[in-house]
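First up is the structure itself, then whatever we jot down about it.
The values are calculated or read from the model by the stated rules, or taken from the named source; none is laboratory data. These numbers were taken from a predicted model, which means no experiment stands behind them. Here the Cβ positions follow ideal geometry from the backbone for every residue, glycine too, while neighbour counts run over all protein chains shown. These accessible areas exclude ligands, DNA and RNA; they are computed on the full protein's heavy atoms, side chains included. Shrake-Rupley method; radii C 1.70, N 1.55, O 1.52, S 1.80 Å.
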Amino acid sequence: MGKRLQGVRKRRGLTQRELASVSGVSVSLIRKLEQGERADTRLETARRLAVALRVPTTSLVSPAAGADQDAEPDGDDQWAPVRQALVRPLGSADMSEAPTVAGMRDLIDAALPLFSGDRFRELSLILPAMIRDADLIAETGGPAGRGVRVRLMQLTGWLLTQTRQFGAADTALDRSLHDASDHLQIAATANTRCWLLLRQGRLGEARELAVRWADQVEPRISRATPAELSAWGWLLLRASAAAVRDNRPGEAEDTLRYANSAAVAMGREFAPGDDFLRAFGPVTVALKRAENAMVVDRPDLVLKLSARIPTSGMRATSNNRNRHLLDVAEAHTRARDYAKAIDVLQEIRASAPEWLSNQRYARDIFGRIIARRRTLTPDMRILADAIGVPM
């Protein structure tokens with residue numbers, strides 16, 4: 001880190017003392033880092049330096065750009081440090097600047113675009129240190145410190161579920177539940193755990209957990225806050241997803257109808273507290289209705305519903321949007337309109353390449369497409385590599 005720090009500082013034309021003044025980091029620590037006496041520092045401290053130098057934090061804490069960095073790491077190796085930090089938090093040797101509750105909150109806020117933007121490589125680099133620091137302030141910062149760790153563990157559990165690190169995701173969500181004291185915090189964690197159970201095929205457990213917590217947080221619609229509507233609505237959507245996959249179509253439709261009533265009360269797509277994981281509203285429910293249609297083998301209905309869903313207004317990296325687009329690609333594939341299916345997959349690849357490479361559903365769709373083709377175009381070969389389909 002020291003060499004990277006020194007290089008950026010010099011390019012900015014700052015002395016060590018000037019950088020210390022701007023960043024609030026002691027000049028002695030900056031000197032120790034640059035001279036190699038310290039190999040590492042708190043991520044919170046690294047962020048303060050990065051803000052002062054006007055660079056991403058990851059440009060200081062990740063390996064320098066070069067031939068080796070361009071190679072995509074193996075999936076297991078990529079997340080090994082995160083898994084290790086969850087079960088055996090990193091030590092605090094030679095870490096003289098203790099993390100603070102306010103600093104960790106700022107750090108998590110600064111990292112949110114990495115989570116919502118599916119920037120998995122960068123997250124795999126910074127999360128171990130964030131977990132280490134969150135563990136320390138949870139022990140010393142009282143309820144506020146534990147609240148910060150709850151938030152980080154929720155995000156980590158969601159990320160690891162997304163990247164199919166299911167055992168580690170379960171650990172992170174367990175730790176979030178252990179610290180959570182607010183019923184909406186617990187409901188948010190339960191929502192992610194339901195998704196984890198669904199991805200593992202544990203339909204009965206997912207359905208039971210979703211229904212139990214939906215009953216717990218059911219609000220009085222006339223006076224419900226957006227946060228309450230989002231928590232209740234998402235749990236109902238998870239219950240519907242589990243029910244439709246468990247061949248309970250009536251129950252799936254009932255819970256989807258209740259979720260829609262929450263969305264109507266919300267009035268529009270809204271993320272309480274600017275939390276992208278809790279974004280909820282009429283569009284979210286419409287996307288999940290189309291997903292249910294695909295589960296019951298109605299590709300015609302998927303395409304009909306999709307035509308009425310305004311996905312163009314959603315973030316290009318929105319997982320709900322892109323999951324829906326996979327259903328659209330599958331519907332086109334079922335209709336043997338392979339050109340349209342490929343166009344949809346290319347659209348996802350352009351906006352969320354790291355997300356797409358983690359989707360087994362995408363590999364299944366594209367695998368069926370290429371099985372029907374005698375020859376593949378260069379663009380199709382590139383898409384196959386991006387999705388991870390062996391050629």
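Tally up the carbon and sulfur contribution to the accessible surface of the stretch 269-391 as a whole percent, 1.4 Å probe, everything protein left in place.
Within the stretch 269-391, the accessible surface is 50 percent carbon and sulfur.
Would you work out the relative contact order for the chain, in percent, from Cα pairs under 8 angstrom that are 6 or more residues apart?
Reported relative contact order: 9 percent.
Place the peptides 232-239, 143-150 in order of packing, highest mean first, counting for every residue the other Cβ atoms within 10 Å and averaging per peptide.
Descending mean neighbour count gives 232-239, 143-150.
Can you compute 3J(HN,Hα) from phi for each residue in the stretch 175-190, using the Karplus curve 6.51 cos²θ - 1.76 cosθ + 1.60 with θ = phi - 60°, rounded to whole Hz and x for Gly and Pro?
So the Karplus estimates, Gly and Pro as x, are 5, 5, 5, 4, 8, 5, 10, 9, 5, 6, 4, 5, 5, 5, 5, 4 Hz.
What is the Cα radius of gyration of the stretch 149-281 over 2.2 N^0.38 Å, N being its residue count?
Compactness ratio reported: 0.99.
Quote the Stokes-Einstein diffusion coefficient, in whole µm² s⁻¹, for the chain, based on the Kirkwood radius over alpha carbon pairs, a temperature of 25 °C and a viscosity of 0.890 mPa s.
Here the translational diffusion coefficient equals 108 µm²/s.
Just to confirm my numbers, what's the Cα centroid distance between the stretch 235-292 and the stretch 3-21 in Å?
50
Return the carbon/sulfur percentage of the accessible area of the stretch 91-249, one whole number, probe 1.4 Å, all protein chains in place.
Answer for the stretch 91-249: carbon and sulfur cover 48 percent of the accessible area.
Direction-averaged shadow area of the convex hull around the Cα atoms of the stretch 228-310, nm²?
5.1
Using a probe of 1.4 angstrom, how much of the accessible area of the stretch 1-48 is carbon and sulfur, in percent?
C and S fraction of accessible area: 43 percent.
For the chain, what does the accessible surface come to per residue with a 1.4 Å probe? Please give it in Å².
46
Using θ = phi - 60° and the Karplus form 6.51 cos²θ - 1.76 cosθ + 1.60, what ³J(HN,Hα) does each residue of the stretch 259-264 get, whole Hz, x for Gly and Pro?
4, 5, 5, 5, 5, 5
Restricting to DSSP H runs of at least four residues, report the calculated mean residue ellipticity at 222 nm for the chain, -39500 (n - 2.57) per run over all residues, nearest 500 deg cm²/dmol.
-22500 deg cm²/dmol
Determine ³J(HN,Hα), in whole Hz, for all residues of the stretch 289-295 in sequence, where each value follows from phi through the Karplus function 6.51 cos²θ - 1.76 cosθ + 1.60 and θ = phi - 60°; x replaces Gly and Pro.
Working through the residues one at a time gives 5, 5, 4, 4, 4, 5, 4 Hz.
Take the Cα gyration tensor of the stretch 294-365, multiply each eigenvalue by 5, square-root it, and list the three semi-axes largest first, rounded to whole angstrom.
In descending order, the three semi-axes are 18, 15, 11 Å.
In cubic angstrom, how much convex hull volume per residue do the alpha carbon atoms of the stretch 174-250 span?
Enclosed volume per residue, from the Cα hull, is 83 Å³.
With a 10 Å radius around each residue's Cβ, average the other Cβ atoms per peptide and rank 196-204, 377-385, highest first.
Ranked from most to least packed, the peptides come out as 196-204, 377-385.
Mind telling me which of Gln359, Gln346, Gln16 comes out most flexible in a GNM of the chain, alpha-carbon contacts under 10 Å?
Ranking Gln359, Gln346, Gln16 by mean-square fluctuation puts Gln16 first.
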